[in-house]
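Just so you know, all these numbers are worked out from the coordinates, no wet-lab data involved. Note that the structure is a prediction, hence the values are computed from the model and not measured. Counting neighbours? That spans all protein chains shown, and the Cβs are built from the backbone with ideal geometry, glycine included.
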Amino acid sequence: MQKALIIGPNTDNIVKAQKEPFFYNKKEISKRLNLTVQYINAETATEIEQASVNTKADILFLMFQWKETPGVVESTLINIRNSYLGSKRPKIIFIDPFAQSSTRFFNILPYVDFFLKRQCLRDIDQYKEDFIGGSTMTDFIAKTWSYDFDGWHVGSCVPDEHKNRVIPGWNLGTAKKYKKLLTYPKIFRFRQKKNIDIFCRLSLGYKKNREWYCEYRIASVKALEPLKNLYKLATSALFLEDGLISKKQYLSEMKRSRIVFSPFGWGENCWRDFEAICYDCLLIKPDMSHLKTNPNIFIPGETYVPIKWDFSDLEEKCTYYLEHQNEANRIIKNARFQYRKYFTDCDFVNLIGQLIS
């Protein structure tokens, strides 16, 4: 029996969601992979190092906080590797904390066996490009809205000799709450009446620390305004200081919506994407074809409706699917099937098996 340790923080819902599939798949992982999994809480790089050295583990899944500097993470991994000189070193698998397809941490590639991204660029060679702000998203926003990033950068370069170590791991769609919603027996599912046409409730974070993605989100909601005279919309883009709707109202409105429009934020995908499919809504979203991610609920025209990044065809796409409900229903049904299939096929366990083999 092999042993794996997951070592990292327990600070927020995103980190917790990334750990959950290890534990609701515990029996399957043990049975199929002959692997036991244990979690060790470690909030800082120092604590991660202390928990990683001199273990009898065969695999280390390491999760650092995104606020750690690339230099600190690199030196920590070097120290962990050096602690095993003269003895068998465990396989080191790094779980990247950044929401974007880019990251500041590609400098650690020489010291890990795999580098897992929630979503990564389909063309790995794109990571060599000098994007403004460090990502395809930030580069687009800078060039389309003339936004000045003033040196802010969330990118790093992938060297050719290590690019095969960068792979899509698993995204927020693997959270236990979504698995429950998707696999709940159909007879017990309560389908609410769809009396809202388009849902798009967005947070802009704190006004006093206005971030770059705010301009994009504000523009996305404005792009829906021409539809207000014909359809019922539940839309807003608000700063936290101005007060957001409650989580209860947020979910109630989404469940009653025919379309969920989900623009990019810090990263390309978010909780809203997966909630939309769980609640039988049509997901409309900026084109995701540049990415690889799992579960992959972003198959154009099959599981979601892609639009241009500048929202120029958003009004047209929303109108078409609101007027062609049968087409919308086909995509909604297929999206739920494909998403549920990720769990029923144990794709997470399959991935772990590939990583440790």
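Observations, loosely collected:
- For the range 115-127, backbone phi angles converted through the Karplus equation (6.51, -1.76, 1.60; θ = phi - 60°) give residue-by-residue couplings of 10, 9, 10, 4, 8, 10, 4, 4, 9, 4, 5, 5, 5 Hz, Gly and Pro being listed as x.
- Rounded to the nearest 500, the 222 nm mean residue ellipticity of the chain from helices alone is -10500 deg cm²/dmol, with -39,500 (n - 2.57) taken per DSSP H run of at least 4 residues.
- Over all orientations, the range 1-125 has a Cα convex hull whose mean projected area works out to 8.0 square nanometres.
- Relative contact order (%) - the range 51-173, alpha-carbon pairs under 8 angstrom, separation at least six: 26
- Under the criterion of Cα pairs below 8 Å and six or more residues apart, the relative contact order for the range 280-357 equals 33 percent.
- Using C-alpha pairs under 8 Å with a sequence gap of at least 6, the mean separation divided by the residue count of the chain gives a relative contact order of 15 percent.
- Computed packing ranks the peptides 22-28, 242-248 as 22-28, 242-248, most packed first, by mean other Cβ atoms within 10 Å.
- The phi torsions of the range 343-356, fed into the Karplus equation with coefficients 6.51, -1.76 and 1.60 and a -60° offset, translate into couplings of 7, 5, 8, 6, 5, 5, 5, 4, 5, 4, x, 5, 5, 9 Hz, rounded to whole numbers, with Gly and Pro shown as x.
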